[in-house]
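Visitor: Pasting a structure here, questions to come.
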Amino acid sequence: MLIQLSTARFLASEAMRPCVLVVDDETIICELLGLVLEEDYQVICASTSNDALRVLAEQNIDVMLLDYHLRSGGAVEVARRANEIGIPMAWMTGDHAVEFDSHRVLLKPFHIDRVSETLAEVRSSARLVIKPPRLALAAVAAP
């Protein structure tokens, strides 16, 4: 299920706000993050790895929050694809025993203020790395 969270009052500034893809199979998490982030971000939610991969292929995503334990599986594939096309991301998980190498992690339950801080950190650190343009990569990956 894909949900694009946005209200009419923000449509004029839609192009100016960065786009965040929230991938979580818990609808309440997507809705809550949408409410928290909608003032600063255009928010797109995906509840399965297939939906997330489709969004990554079709939308211009600036940053992603990805649940490590998607019921549908495939979170690692989504992370791999995001990395290939240069989209910075942070993992979300309630599993405090999981170790992540190079990504930021939001441990559930997380404080709402921590979400914005994490997104800012992820986007800031991504700007420090020189990456090829995403459009060129998307054109090569197209069938």
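Values quoted throughout were computed directly from the atomic coordinates according to the rules given, and no laboratory measurement underlies them. Because the structure is a prediction, the values reported are computed rather than measured. Here Cβ is always computed from backbone atoms with ideal geometry, including for glycine, and neighbour counts include all displayed protein chains.
Visitor: Given 10 °C and 1.306 mPa s, how large is the Stokes-Einstein diffusion coefficient of region 37-82 in µm²/s, with Rh as the Kirkwood radius over Cα pairs? Mind showing how you got there, number by number?
Guide: Values: Rh = 11.1 Å.
The calculation lands on 143 µm²/s.
Visitor: What are the GluC sites (Glu not before Pro) within region 32-125 that DSSP puts in a loop, where the Cβ has at most 14 other Cβ atoms within 10 Å?
Guide: Values: sites: 38, 39, 58, 77, 84, 99, 117, 121; in loops: 38, 39, 99.
Answer in residue order: 39, 99.
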